[in-house]
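Read-outs throughout are calculated quantities, based only on the coordinates presented, and are distinct from any laboratory measurement. Note that the structure is predicted; figures quoted are calculated from it, not measured. Positions of Cβ are backbone-derived with ideal geometry, glycine not excepted, and every protein chain shown enters the neighbour counts.
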Amino acid sequence: MSENNLPNIGAVATAEIDGLAIRYARSGASKGMPILLTAPWPESIYAFYHLAPRLAATHRVIIVDLPGFGLSQSRADVMAPEAMGDFVIKLLKYFGFSRVHAVAPDVGTPAVLFAASKQQELFESLVIGGAAMKPDLAGGALKDLIHSPEGYLANAGADGVKPYLEQAALLTPAAIIEDFRAASAGRRLEEATQFVRGYIHDLPKLEPLLLNVKTPSLILSGKHDAIVPPVNLQFLADRLPNNRHLLLEAEHRLWEEAADEYNKTIVSWLDGDYRSLLRAL
């Protein structure tokens with residue numbers, strides 16, 4: 001794969017944050033409220049190849065492969081939702097951001113919710129969803145991964161996500177699929193899976209914190225998601241005090257399967273729709 005075949009999502013670089021090599025892409029305006037996007041698993045920053053250019057037209061955008069995901073370096077002590085939330089806070093400090101909009105689907109959702117529960121002032125709004133909020137609310141392969149023993153995928157490599165990538169390739173360009181494949185190469189799939197194994201310990205701690213996360217939150221989920229069923233959207237909608245929630249006509253990969261509606265909804269939210277919930281605070 002040539003990097004030249006990858007779409008333009010901004011200037012891609014690597015930064016050392018908390019001792020880890022973190023891949024990110026920067027684009028858009030030089031001023032204004034930044035937007036932090038965190039990549040879904042088992043994908044990468046290139047999952048946002050539709051959304052990033054639209055946001056960058058009017059906003060300052062940073063897309064990040066969180067530790068252990070995409071092509072960012074992993075470390076055992078950050079591979080759990082609460083620890084990853086602490087890392088998100090460090091990441092914002094590294095980039096000099098005192099307040100951001102966070103677009104954090106999939107594995108980013110519990111991480112940013114933990115971060116917001118600890119330092120709510122860092123977040124102007126949240127766009128979340130597509131993450132299991134209790135281990136028993138996960139479906140399909142995700143439920144199996146949550147309950148898998150440590151080391152179970154040590155030798156699986158990218159073959160462990162082959163069915164997912166084959167399905168993704170029906171819509172996503174080949175160069176991006178190769179980037180996704182690299183994200184699970186070697187021991188990376190096993191290291192990433194450690195994060196969702198952490199749901200068993202961390203998610204019960206997160207639930208009682210949600211009522212105090214008053215940040216305006218847009219919750220998006222796929223109507224036909226078998227991996228993270230829509231009951232998880234309802235779980236968040238019932239607990240976050242200032243939210244808007246929407247089911248899109250898609251399975252799990254909203255950013256690709258329902259790209260037009262996904263992008264339009266997020267752009268409208270960030271352009272000011274979220275303020276209707278601010279007025280309710």
The long-range amide H neighbours of F123, using H built 1.01 Å from N in the peptide plane and a cut-off of under 5 Å, are V100
Along the range 179-188, Karplus-curve 3J(HN,Hα) (6.51, -1.76, 1.60; θ = phi - 60°) to the nearest Hz, with x for Gly and Pro, reads 5, 4, 4, 4, 5, 10, 5, x, 8, 5
Choose one of Y46, P216, G68: the residue whose Cα lies farthest towards the positive end of the charge dipole of the chain (beta-carbon charges +1 Lys, Arg; -1 Asp, Glu; about the Cα centre). P216
Explain nothing, just compute: Karplus ³J(HN,Hα) = 6.51 cos²θ - 1.76 cosθ + 1.60, θ = phi - 60°, for every residue of the range 101-114 in order, whole Hz, x for Gly and Pro. 8, 10, 10, 9, x, 6, 4, x, 4, x, 5, 6, 5, 4
Taking a threshold of 23 Å on the Cα-Cα distance, which of the pairs K90/K134; K90/K205; K90/K143; K134/K162; K118/K143 fall above it? K90/K134; K90/K143; K134/K162; K118/K143
Given Cβ point charges of +1 (Lys, Arg) and -1 (Asp, Glu) and nothing else, what value in debye, to the nearest 20, does the dipole of the range 166-281 about its Cα centre take? 560
Ranked by how many other beta carbons lie within 10 Å on average, peptides 24-35, 145-156 from highest: 24-35, 145-156
Which FRET efficiency, nearest 0.05, do K134 and N8 yield, Cβ-Cβ r, R0 30 Å? 0.20
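How long are the semi-axes of the equivalent ellipsoid of the range 1-140, taking √(5λ) for every eigenvalue λ of the Cα gyration tensor, in whole Å from largest down?
Its equivalent ellipsoid spans semi-axes of 21, 18, 15 Å.
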Distance between modelled label sites at K31 and D273, nm, 7 Å Cα→Cβ extension: 2.8
For A57 paired with K214, estimate the spin-label separation in nm (one decimal), with each label point 7 Å from Cα along the Cα-to-Cβ line. 3.5
For the range 214-228, just list the computed ³J(HN,Hα) in residue order, Karplus coefficients 6.51, -1.76 and 1.60, θ = phi - 60°, integers in Hz, with x standing in for Gly and Pro. 8, 4, x, 10, 9, 10, 10, 8, x, 4, 10, 6, 8, 7, 10
Can you give me the C-alpha center-to-center distance between the range 217-243 and the range 29-87, rounded to a whole angstrom? 20
Long-range HN-HN contacts of G222 with modeled amide H, under 5 Å: L248
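Can you tell me the relative contact order of the chain? Whole percent, Cα pairs under 8 Å, sequence separation 6 or more. The partial results should precede the final answer.
On the way: 587 pairs, mean separation 52.7, N = 281.
With pairs under 8 Å counted, the relative contact order is 19 percent.
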Between the range 186-202 and the range 105-177, the Cα center-to-center distance that results, in Å: 10
Given backbone amide H placed at 1.01 Å from N, residues whose amide H is under 5 Å from that of R244, ignoring those fewer than 5 places away on the same chain, are S217, L218, I219
